[in-house]
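Here's the structure, in structure tokens; my notes come after.
Values quoted throughout were computed directly from the atomic coordinates according to the rules given, and no laboratory measurement underlies them. Fair warning: this is a prediction, and the values are worked out from it, not measured in the lab. Virtual Cβ from ideal backbone geometry, glycine too; neighbours counted across all protein chains shown.
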Amino acid sequence: MQIYKVGGAVRDRLLGKPVTDIDWVVVGATTEEMLAKGFRPVGADFPVFLHPKSGEEYALARTERKSGRGYGGFTFHASPEVTLEEDLIRRDLTINAMAEDDQQNLTDPYHGQRDLEERILRHVSPAFAEDPLRVLRVARFAARYAELGFKVAPETLELMRQLSESGELEALTAERSWKEIFRALMEDQPQVFIQVLRDCGALKVLMPEVDALFGVPQPEAHHPEIDSGIHTLSVLEQSALHKQPLTVRWACLLHDLGKGLTPEEEWPRHIAHEHKGLKLIKAVNERFKAPKDCQELALLVGQYHTHGHRALELKASTLLELLQSFDVYRRPQRFEEFIVACEMDARGRKGLEQRSYPQADYLRGAANVARGVAVQPLLEKGFKGPELGEALKRERLKALKVYKESAAS
Ligand code: CTP
């Protein structure tokens, strides 16, 4: 049997990037031989094994044929006769379809190395279409390697468009899609992921609510970039530039969905878009089964981002309501994430990226003031149960009024 390093490990070594996990392909072996060597099978139907010591994945060279719709519809054909070239041709991109032996000799029948040099993400063969998840994968690689100048080949984009139009993307499970989405959002240029999905028509299928923002104008005075879709991409870009966590990036992507619902006669204004957008944010959250903290923050940022921008003008009572809605007493981190999401929103406007955002410190200060109100004196005065809650609120309001006045002077 011959063993080759394949896929991302070869690609990233040639790019001079750190290699995190290594996939191996085994040519000329049977399942029985692998088991005899101590490899552990991954699943009953998959010709994939884990190395007894390193735990790395070793797959028997295989060809795949699609037998039905969605990811379930695969049949594998692995046998010692399947060649390395046959295994590589069913892979997604030429840059992922190179193999290397233990002497670092490259097998590159589909010119992955040339495409690496020319910075092109190109599909290997029509077998690309066998797994619709690859549409998301290509968009993710485009985001990851954007800084190196990689672009999707026109013929690959065309194939991605056909796949998007074919209805195949709808068959993807939430779990598989989310894994790609969250990895893409954590790249340095996540906006490229969304842009590529849009360019091939996949965004319309996966997140029509985000796609609908493109072509919707906003008032130029506040939003020199005008277009709501462009604005959303910029907010997402800012969130990555400022190294924000996944929760914030997800909230940035979804914060303005309500703008896509505004009737054209009302353009460029978007009255109550914060509230109108909530059902759309909920729908996207649920479609991809986003983790709970992402879901929650996206809804809160959707609902309250305008409050964040107007923080300095808010009445003390509104400020208190905002802090209560976030439960800043028990969930300080979540409020901090809200604040930075608002800041990213403000910076995601053309020409205003560097403008300071005093609202952030003002909101942090307000949360500290509200948190600083002590319960003990109220307990000592004999307050209990709901009355204690009311008394606490009154004290917090008083403290916030003082805070607001001192900030104004
Ligand atoms: N692959 C594929 N189609 C998929 C998933 C994987 O063709 N839907 C192939 C590619 O050759 C890929 C390899 O399997 O390089 C390993 O896949 P994976 O570990 O998911 O990705 P990597 O390419 O290693 O990329 P990453 O660095 O993002 O993990």
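The figures follow:
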quantity	calculated
Order by protection proxy (mean Cβ within 10 Å, highest first), peptides 233-244, 19-30	233-244, 19-30
Positive-end residue of 143, 240, 26, charge dipole of the chain with Cβ unit charges	240
Residue-count net charge about residue 216 - beta-carbon cut-off 10 Å; Lys, Arg +1, Asp, Glu -1	-2
Positive-pole candidate from 403, 107, 351, dipole of the chain, charges at beta carbon	403
Whole-number percent relative contact order across the range 167-227, with pairs defined as alpha carbons under 8 Å at least 6 apart	22 percent
Radius 12 Å from Cβ of residue 9, net charge of other residues (Lys, Arg +1; Asp, Glu -1)	-2
C-alpha center-to-center spacing [the range 295-329, the range 81-106] in angstrom	53 Å
Theoretical gain in end-to-end length, residue 388 to residue 1 [0.36 nm per residue, Cα-Cα removed]	131.9 nm
On Cα atoms only, tilt of 190-199 relative to the major axis of the chain in degrees	70 degrees
Listed peptides 252-261, 9-18 by packing density, highest first (mean Cβ within 10 Å)	252-261, 9-18
Relative contact order (%) - criterion: Cα under 8 Å, at least six apart; region: the chain	9 percent
Relative exposure of 62, 394, judged by other C-beta atoms within 10 Å (fewest first)	394, 62
Fully extended contour minus Cα-Cα distance, from residue 306 to residue 20, at 0.36 nm per residue	98.9 nm
Whichever lysines have a C-alpha closer than 27 Å to that of residue 276, once near sequence neighbours (fewer than 8 apart) are set aside	204, 259, 289, 292, 315, 350
Straight-distance crosslink candidates among lysines, where the alpha carbon sits under 16 Å from residue 53 and sequence neighbours closer than 8 are dropped	37
Helix 174-185 vs. the chain, principal-axis angle (Cα, 0 to 90°, nearest 10)	70 degrees
Computed [θ] at 222 nm, helices only, for the chain once each DSSP H run of length n ≥ 4 contributes -39500 (n - 2.57)	-15000 deg cm²/dmol
Whole-Hz couplings from phi, Karplus 6.51/-1.76/1.60, listed for the range 15-22; x for Gly and Pro	7, x, 9, x, 9, 9, 10, 10
Cβ-defined net charge surrounding residue 183, 11 Å radius [Lys, Arg +1; Asp, Glu -1]	+2
Cβ-derived FRET efficiency at R0 30 Å, residue 226 paired with residue 171, nearest 0.05	0.25
Extension reserve of the residue 118-residue 53 stretch, reckoned as 0.36 nm per residue once the Cα distance is removed	19.6 nm
Label-point separation, residue 44 to residue 381 (7 Å along Cα→Cβ), nm	6.8 nm
Burial ordering of 82, 192, 402, fewest other beta-carbon atoms within 10 Å first	402, 82, 192
Reach of residue 5 by Cα under 13 Å, taken over aspartates and glutamates that are not fewer than 8 positions away in the same chain	21, 23, 56, 57, 87, 100, 101, 102, 108
Phi-based couplings in Hz for the range 305-319 (Karplus 6.51, -1.76, 1.60; Gly and Pro marked x)	4, 5, 4, x, 5, 9, 3, 5, 9, 5, 5, 4, 5, 5, 4
